[in-house]
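**Student:** Input: one structure, supplied below.
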Amino acid sequence: MPELSGNQQTSEKPPREYCRLVEDREQYVRYQQDRTVLAAIGAHLDPQVSRIRVRLPRSVAESAVAAWDREELGGIGEESREEYKLRDDAAELALIGLAISSRGVWDSEDVVVDLDVAQISAALRANLSGH
């Protein structure tokens, strides 16, 4: 195997774009490690928290129940990231509607229902995103 000259061994650096790509990939390795830790936290929280009793106004509760009762006849084709998020939020709303239908207690203009923390989290995220 031929030896590299001094210039080839020490002075040639990888292109800046390559270094940035490698750094970006390392970033995703860290993100994966972060997700693993987040999942470990979830494993500890899961047995501690499952459902929380909430009170919802009749108007939004009825809309959630309607989302559960609705039949979506079209299939799912190719969708953008935003369309996927919209569909996912609609599914979360429908699951809240199922909870209201099956275990909600109507009280005048409100409904009291025990919701799973994941459903509460989805509703809070939707509120924070400005929708």
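The values are calculated or read from the model by the stated rules, or taken from the named source; none is laboratory data. All values derive from a computational prediction rather than experimental measurement. Because the Cβ atoms are built from the backbone with ideal geometry, glycine has one as well, and the counts that use them run over all protein chains shown. Note: areas computed on protein heavy atoms with side chains; ligands, DNA, RNA excluded. Shrake-Rupley method; radii C 1.70, N 1.55, O 1.52, S 1.80 Å.
**Student:** Using a simple spin-label model with points 7 Å from Cα along the Cα→Cβ vector, what separation in nm is obtained for Tyr84 and Val37?
**Tutor:** Calculated label separation equals 2.5 nm.
**Student:** Could you order Leu73, Leu38, Leu98 by accessible surface area, starting with the largest, using a probe radius of 1.4 Å?
**Tutor:** On the way: Leu73 160, Leu38 120, Leu98 60 Å².
Order by accessible area, largest first: Leu73, Leu38, Leu98.
**Student:** Counting only heavy atoms of the protein chains, get the accessible area per residue of the range 20-87 (1.4 Å probe) and round it to a whole Å² value.
**Tutor:** Numbers: 6230 Å² over 68 residues.
In whole numbers, the range 20-87 has 92 Å² accessible per residue.
**Student:** Calculate the FRET efficiency for Arg30 and Ile52 from the Cβ-Cβ distance with a Förster distance of 30 Å, rounded to the nearest 0.05. Don't jump to the answer; show the numbers that get you there.
**Tutor:** Working: r = 32 Å, r/R0 = 1.07.
Result of the calculation: an efficiency of 0.40.
**Student:** Work out from phi, with θ = phi - 60° and the Karplus expression 6.51 cos²θ - 1.76 cosθ + 1.60, the ³J(HN,Hα) of each residue of the range 97-108, listed in order in whole Hz, and give x for Gly and Pro.
**Tutor:** Values, residue by residue: x, 4, 4, 5, 4, 8, 9, x, 10, 7, 9, 6 Hz.
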